[in-house]
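Here the structure comes first, spelled out in structure tokens, and everything after it is commentary.
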Amino acid sequence: MTATASAPQTRETRTPVLSLDAVDKVYKVGTFGSGELRAVRSASLEVHAGEVVSLIGESGSGKSTIGKMVLHLVSTDGGTMRVGGQDVTRLKRGRLRDYYRDVQGVFQDPFSSFNPIYKVDRVFDTVRRSYFPKIRRADWHLKVDDALAAVTLRPEEILGKFPHQLSGGQLQRLLVARALLLDPKLLVADEIISMLDASTRVDVLNLLVELKHKGLGILFVTHDLSLGNYVSDRVVILYRGRIVESGETREVFENPLHPYTRDLLASVPQLDATWAEVEAQEAVRTRRLAGTCVFHSLAPSEPDAAEGLAQVTDGHQVGCFRLGADDPCPRHE
Ligand SMILES: Nc1ncnc2c1ncn2[C@@H]1O[C@H](COP(=O)(O)OP(=O)(O)O)[C@@H](O)[C@H]1O
Ligand SMILES: [Mg+2]
């Protein structure tokens with residue numbers, strides 16, 4: 001066995017389920033598409049198997065656009081997107097069906113995904129027709145029962161019902177079950193908790209945690225920082241289409257560096273921190289943030305600076321604070 005083969009597989013050496021490398025999205029806007037809106041700028045991130053990565057930012061920051069690029073619902077206008085190491089930035093229509101075996105999405109509003117005049121089971125039929133046209137009836141029923149069990153729904157509670165007879169949480173879990181029928185490697189979950197009431201939110205969040213323990217990679221899109229904290233291993237903070245900070249959830253939450261992340265966190269009370277701890281954290285931040293942009297403390301040859309994110313500690317990255325400001329950082333605009 002070679003040294004490389006026996007080396008332990010760390011997050012850094014394993015092939016990510018999803019990797020985005022400097023992806024851009026430019027929407028054509030205005031009369032006859034004359035204007036451009038840069039919704040995502042040079043975004044890079046990775047999601048590994050068995051990991052939840054939260055993409056957090058306020059409304060309009062480009063979160064859903066990233067999710068839609070990953071799901072090939074909109075094109076990617078720059079950079080590279082890989083799934084399981086394969087370049088999937090541009091896929092021919094004919095390859096999409098296979099792509100969706102690996103990559104599935106669930107969206108915000110579970111009610112709009114169901115046609116009110118049909119029984120809810122119908123959402124499974126499209127998957128059967130498209131992916132399992134020859135499956136035996138009994139085998140299909142087993143498969144559906146397994147997927148429902150994975151989202152803790154009992155078939156007898158669900159099947160044969162109309163959408164209005166089920167709660168938002170049940171419908172949302174049903175959509176996750178449909179995604180699971182294909183045994184995907186990656187799930188894009190875009191604000192799937194937002195429209196649920198508090199009691200069913202917890203069920204769906206716990207479900208995501210269970211699915212990640214089974215090896216699924218999950219890109220969890222949310223505007224709600226506390227949800228990101230609850231489920232995710234890593235967080236990626238998006239502001240106006242740019243990633244401004246990313247890292248392990250704990251590290252970013254305990255030691256937020258970018259002013260935008262700090263603003264987001266300021267509204268979440270730190271119940272368990274003493275005042276002395278809060279002051280000590282503040283002192284560390286102030287030292288690290290001497291000067292307005294972390295890039296100014298890096299050597300000019302620092303390679304990460306070119307990417308727009310500086311590595312602060314292992315895996316914790318932060319962007320320039322003055323991008324797009326009135327007096328932009330001379331190294332970045
Ligand atoms: N199809 C589209 N055409 C033009 N602009 C769009 C389109 N979809 C989204 N946008 C714009 O792109 C930006 C990012 O939107 P979005 O990705 O939906 O943000 P988020 O999910 O973070 O709220 C917003 O300014 C939004 O208005
Ligand atoms: Mg959105």
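The values are calculated or read from the model by the stated rules, or taken from the named source; none is laboratory data. Predicted, not measured: the structure shown is a model, and the values here were computed from it. Counting neighbours? That spans all protein chains shown, and the Cβs are built from the backbone with ideal geometry, glycine included. For the accessible areas, the whole protein counts, side chains as well, though only heavy atoms, and no ligand, DNA or RNA atoms are used. Shrake-Rupley method; radii C 1.70, N 1.55, O 1.52, S 1.80 Å.
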Gap separating the Cα centres of the range 19-60 and the range 237-253, nearest whole Å: 14
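If you roll a 1.4 angstrom probe over the protein chains with everything in place, what fraction of the accessible area of the range 163-226 belongs to carbon and sulfur, to the nearest %?
The nonpolar share, carbon plus sulfur, comes to 49 percent.
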Total formal charge among the other residues, if their Cβ is under 15 angstrom from that of SER167, Lys/Arg +1 and Asp/Glu -1: 0
Ordering of 63-73, 208-218, 36-46, 148-158 by burial proxy (mean other Cβ atoms within 10 Å per residue, highest first): 63-73, 36-46, 208-218, 148-158
Lysines whose Cα lies under 16 Å from that of LYS134, excluding same-chain neighbours fewer than 8 positions away: LYS143
Test item: Cα-centred dipole of the range 175-242, Lys/Arg +1 and Asp/Glu -1 on Cβ, debye: 300
Protection-proxy order for peptides 81-87, 127-133, 14-20, each taking the mean of Cβ atoms within 10 Å per residue, highest first: 14-20, 81-87, 127-133
Under 23 Å from the Cα of LYS63 - lysines, other chains or at least 8 residues apart: LYS25, LYS28, LYS185, LYS212
HN-Hα J in Hz across the range 129-142 - Karplus 6.51, -1.76, 1.60, θ = phi - 60°, x for Gly and Pro: 4, 7, 10, 10, x, 9, 5, 6, 3, 5, 5, 5, 4, 4
